[in-house]
Structures are given as structure tokens and as C-alpha cells.
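Read-outs throughout are calculated quantities, based only on the coordinates presented, and are distinct from any laboratory measurement. Keep in mind that this is a model prediction, so the values were computed, not measured. Note that each Cβ is placed from the backbone with ideal geometry, even for glycine, and that neighbours are counted across all protein chains shown.
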Amino acid sequence: MLLVGAGGLGSPAAFYLAAAGIGHLRLIDDDVVDRSNLQRQILHVEATIGTAKVDSAKERLAALNPRVRIEAIPERVTSANVEALLDGVDVVVDGSDNFPLRYLLNDACVKLAKPLVYGAVQRFEGQASVFDAGRHRGQCPCYRCLFPEPPPPQFAPSCAEAGVLGVLPGIVGLLQANEAIKLLLGIGQSLAGRLLQFDALSMRFREIRLPADPDCPVCAPGRPFPGYIDYARFCSSGG
């Protein structure tokens with residue numbers, strides 16, 4: 001399994017995946033632990049401030065379950081390395097916090113036919129889904145079917161800019177771990193084709209059906225892969 005991000009979403013997801021006995025967990029993040037992370041990124045502790053997040057995560061996860069093989073990669077995911085990172089992976093869990101990386105992961109997962117477990121949080125609201133268009137073209141949507149174009153940057157501030165309730169990433173990260181385990185085991189009904197939204201203030205869940213876009217530039221049936229793009233430019237221009 002590939003887990004992208006060892007932050008707010010990746011922390012709870014990684015803990016429960018390791019506890020469940022995932023055989024091989026490939027963890028990638030190019031950031032280091034900062035004191036401001038500790039209120040929501042529960043993989044990390046005061047003693048690991050200043051160290052690479054993947055190294056801090058590996059230490060904690062190995063202490064929880066030493067039988068899980070944890071591959072810690074302190075790098076940034078790019079168009080150049082994304083396919084190598086997905087090589088041999090059964091499920092991809094997206095714990096990222098920015099739109100360029102979400103679009104890149106989506107496109108690679110469609111091309112390589114890997115299920116992508118999505119999660120996102122902001123302030124008091126979170127959402128989760130599974131994008132499995134690579135294996136089920138025309139039946140399941142991809143991330144681009146939900147967001148054909150990214151919102152303008154001023155309408156999509158990061159958690160650092162807008163803030164987030166500390167426990168919210170924990171709730172959404174657990175939902176992602178649950179979906180990932182179901183996909184690995186081939187049990188239950190995944191969130192593919194559904195977007196689950198959570199409001200922490202009202203403690204309400206809402207489900208939205210997500211159809212596949214027959215004109216999606218990436219996952220439409222019979223459409224060849226268009227190639228990777230400059231995702232930072234695509235997102236900074238709002239599409």
C-alpha cells in the first residue's frame with residue numbers, strides 16, 4: 001500500500017493500517033516535523049521535531065507493529081517518480097493537502113488502474129471517497145469527474161492558512177483506513193461513486209452520488225492517457 005503524506009490524514013490512517021497488519025506500507029512525505037503539527041498529526045511527538053516526517057512515522061509504526069515492512073521515502077511526489085512509487089502497490093491512500101498532488105495521483109492511478117482512497121479536511125468539515133475509474137472505466141468516477149478544474153487559490157486555502165479542528169483529520173483518516181482495508185480484502189461496498197461529507201460542528205454525515213463523467217479527459221472509456229501536465233500551473237490558474 002502507498003500512503004502519500006504523514007500529516008493530519010496520514011497519521012491516523014497509518015496507525016490503523018499498521019495495526020491491521022498491512023504487509024508492506026510505502027510512506028512518502030518530504031516535510032519535517034514542526035511543533036505546530038502536533039495538535040493533529042498524531043504520528044509525531046515533541047522529541048521528533050525537526051526530523052523527517054517519514055522517519056518519525058516509521059519509528060512510531062515499527063513500535064506498534066514490527067512485523068509490518070515500512071518503506072519510508074523522504075521525497076516529493078512528482079510526475080517523474082509517481083509511477084515508480086505506485087509500482088507493486090495494491091491501493092493508494094491520498095493524505096496530501098494540496099490540489100496539484102491530488103490531480104497527479106488521480107491521473108497516475110487511472111493510468112495504472114489503482115484504486116485511490118481520497119480524503120480532505122478544512123476547518124470543521126471533511127470528506128472522503130474512493131476513485132476507482134482505472135479499473136472500472138465508465139462505471140466509477142475519478143477525481144477529475146468530481147473536480148474538472150481546481151478552485152481558484154483564494155477559495156482553497158491550506159489547513160495552515162484556514163485552520164482545522166485538530167480531531168477532524170483523525171476522523172477522516174480513519175474513514176480512509178477503513179476503505180483501504182476493505183479494498184485490500186475485497187469486502188463490503190466501497191465509497192466508489194459516492195462522496196461522504198462530514199460536518200464536525202453539527203456531527204452530521206451527508207452522502208452525494210458521484211457519476212462517472214463520460215467526457216472526462218482522463219478516465220472516459222476508450223480515451224488514451226493524455227500524459228502528465230504541469231499540475232502546479234494548472235491549479236494556480238484555476239484550470
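One table, with the values for the structure above:
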| quantity | calculated |
| --- | --- |
| Contacts under 7 angstrom Cβ, first residue in the range 194-206 being in contact (Cβ under 8 Å) with a residue 12 or more places away in the chain, partner surrounded by 13 or more Cβ atoms within 10 Å (Cβ to Cβ) and part of a loop (DSSP other than H, G, I, E, B), 6 or more apart | Arg194/Leu210; Leu195/Leu210; Asp199/Phe124; Ala200/Phe124; Ala200/Leu165; Leu201/Phe124 |
| Hits in the range 23-45 - residues which are part of a loop (DSSP other than H, G, I, E, B), crowded, with 24+ Cβ neighbours inside 10 Å and within 18 Å of the chain's Cα centre (by Cα) | Asp29, Gln41, Leu43 |
| Close pairs (6 angstrom Cβ cut-off, 6 or more residues apart or separate chains): within 22 Å of Leu101 (Cα to Cα) in the range 1-24, of a type in the set (D, E, K, R) anywhere | Leu2/Arg26; Val4/Asp94; Gly5/Asp29; Ala6/Asp29; Ala6/Lys53; Gly8/Arg40 |
| Members of the range 72-100 that are hydrophobic (A, V, I, L, M, F, W, C), out of contact with any strand residue (DSSP E or B) (no Cβ under 7 Å at 6 or more places or on another chain) and touching a residue at least 12 places away in the same chain (Cβ under 8 Å) | Val82, Phe99 |
| Criterion (surrounded by 15 or more Cβ atoms within 10 Å (Cβ to Cβ), aliphatic (A, V, I, L, M) and not in a strand (DSSP E or B)) met by exactly one of Ala212, Ala232 | Ala212 |
| In the range 215-239, residue nearest to Lys114 (Cα to Cα) [restricted to those that are in contact (Cβ under 8 Å) with a residue 12 or more places away in the chain and among the hydroxyl-bearing types (Ser, Thr, Tyr)] | Tyr228 |
| Complete set of residues in the range 60-78 that are touching a Gly at 6+ places or on another chain (Cβ under 9 Å) and either among the polar types (S, T, N, Q) or not in a loop (DSSP other than H, G, I, E, B) (or both) | Asn65, Arg69 |
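So that you can scan it fast, the table gives a plain yes or no per residue for (1) over 14 Å from the mean Cα position of the chain (by Cα); (2) without any contact (Cβ under 8 Å) to a residue 12 or more places away in the chain; (3) surrounded by fewer than 17 Cβ atoms within 10 Å (Cβ to Cβ); (4) part of a helix (DSSP H, G or I):
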position: Lys111; (1), (2), (3), (4): yes, no, no, yes
position: Gly119; (1), (2), (3), (4): no, no, no, no
position: Arg135; (1), (2), (3), (4): yes, no, yes, no
position: Arg144; (1), (2), (3), (4): yes, no, no, yes
position: Ile187; (1), (2), (3), (4): yes, yes, yes, no
